[in-house]
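Inspection log for the structure reproduced underneath, given as structure tokens.
A short reminder: the numbers here are calculations on the coordinates, not readings from a lab. Since this is a predicted model, take the numbers as computed values, not measurements. Cβ placement follows ideal geometry from the backbone for every residue including glycine, while neighbour counts extend to all protein chains displayed.
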Amino acid sequence: MSMTQPEILVRGTCPVCAADVVPAARPEESELLPCPECRTMLVVDGTAGGRVVLSEAPRIEEDWGE
Ligand SMILES: [Zn+2]
């Protein structure tokens, strides 16, 4: 008897626009995921109850030489 393990799709909710964010692969902590709706960069805080906990990633201040 072969047991095929179903792909566990963990998903999270964008804290900015409340869209469903479904990572392509199993997300790892501190991984960055862009929200497909508002394109905010989100960072994976971890997983809780089979869901990904996402928070807005801190903006990286790049030196654009203003
Ligand atoms: Zn969003």
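Test of understanding: ordering Asp63, Asp20 by Cβ neighbours within 10 Å, fewest first, what list do you get?
On the way: Asp63 5, Asp20 11.
Ordered by Cβ neighbours within 10 Å, fewest first: Asp63, Asp20.
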Inset, instruction - Treating only the Cβ atoms of Lys and Arg (+1) and Asp and Glu (-1) as charged, compute the dipole magnitude of region 11-56 about its Cα centre; round to the nearest 20 debye. - result: 140
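Starting from the alpha-carbon convex hull of region 11-56, give the projected area averaged over all orientations, in nm². Show your work: numbers first, answer last.
Numbers: hull surface 10.4 nm².
Approximately 2.6 nm², given one-decimal rounding.
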